[in-house]
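Since every read-out is calculated from the coordinates, none of them should be taken as a lab result. Small disclaimer: the values here were computed from a predicted structure and weren't measured. Positions of Cβ are backbone-derived with ideal geometry, glycine not excepted, and every protein chain shown enters the neighbour counts.
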């Protein structure tokens, strides 16, 4: 059984409020102190491979297209990850 770890939301630069639980390091850091330098992005929720790291054995309900990120939103988030969070490798699945 895997323990659920709350990562919280990243703070925007220049924001006056800061989550005290977030480390001073702006990079993506997990609960074990490891720095994430790669980002896996799933382009669809309709994959049938059922990889254990992203899809539970019982599956998930498919999302409506309106609920999924647009191309512009995806590009913006990738830009933030690369520019501000130390990500330097992207994997699209």
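You can think of it this way: the chain between residue 24 and residue 80 has 18.4 nm of extra reach, that is 0.36 nm per residue less the Cα-Cα gap. Relative intensity of region 28-92 on a log10 scale, I(q)/I(0) at q = 0.22 Å⁻¹, equals -1.07, per a Debye sum over C-alpha point scatterers of equal strength in the absence of solvent. What residues from region 70-93 fall in the zone where the backbone N is under 14 Å from a label point 7 Å along the Cα-to-C-beta line of residue 53? The answer is 89-93, whose backbone nitrogens lie closer than 14 Å to the label point. Packing here is the average count of other Cβ atoms within 10 Å per residue, and on that basis the peptides 47-60, 24-37, highest first, run 24-37, 47-60.
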